[in-house]
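Reading through the structure tokens given below for one structure.
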Amino acid sequence: MYAIIEDSGTQIKVKVGDEVDLDTRATESKTLSLDKVLAVGTEDGKPAKLGMPYLAGASVTAEVMGEAKDDKLRIGKYKRRKGYRRQAGHRQEYLRVKITAINAA
């Protein structure tokens with residue numbers, strides 16, 4: 001069984017046991033319930049249940065594993081013959097979660 005969820009404008013296809021990086025948020029609990037479920041389907045070829053835009057009563061439960069950081073991106077600006085060079089870096093922070101259950105309505 002799989003589900004397509006929405007988190008901060010991003011659509012993610014998840015299955016039970018997947019580890020997913022979500023946008024950071026302030027959470028004190030060890031479990032997270034994601035209720036913006038767009039679709040739920042099975043792998044055997046049967047039609048998926050689609051929401052308009054979300055499925056009523058469907059949710060995905062995830063276990064919070066902790067915070068993680070992505071690889072560093074190097075950003076460089078350069079203008080030829082002007083002596084203008086700038087460098088900056090960016091390292092995105094994520095909340096790593098493990099999908100434990102998909103509750104379809």
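Laboratory data are not the source of any read-out in this text; all were calculated from the coordinates shown. No experiment lies behind these values; they were computed from the predicted model shown. Cβ coordinates were reconstructed from backbone atoms using ideal geometry, including for glycine residues, and neighbour counts include every protein chain displayed.
Taken residue by residue, the stretch 48-62 has at least one member that is within 19 Å of Val14 (Cβ to Cβ), in a loop (DSSP other than H, G, I, E, B) and in contact with a Phe, Trp or Tyr (Cβ under 9 Å, 6 or more places away or on another chain). For beta carbons closer than 7 Å, sequence separation of 6+ or different chains, a first residue in the stretch 93-105 that is more than 11 Å from Asp23 (Cβ to Cβ) and a second that is of a type in the set (Lys, Arg) and part of a strand (DSSP E or B), the qualifying pairs are Ile99/Lys15; Ala104/Lys49. Taking strands (runs of 3 or more DSSP E) as the structural unit, those lying wholly within the stretch 1-44 and holding at least 1 residues that are among the charged types (D, E, K, R), farther than 13 Å from Ile102 by Cα and within 12 Å of the chain's Cα centre (by Cα) correspond to 2-7, 19-23. Within the stretch 47-92, the set of residues being at positive phi and either free of Cβ contacts under 8 Å to residues at least 12 places away in the same chain or loosely packed, with under 10 Cβ neighbours inside 10 Å (or both) comprises Gly66, Arg81, Gly83.
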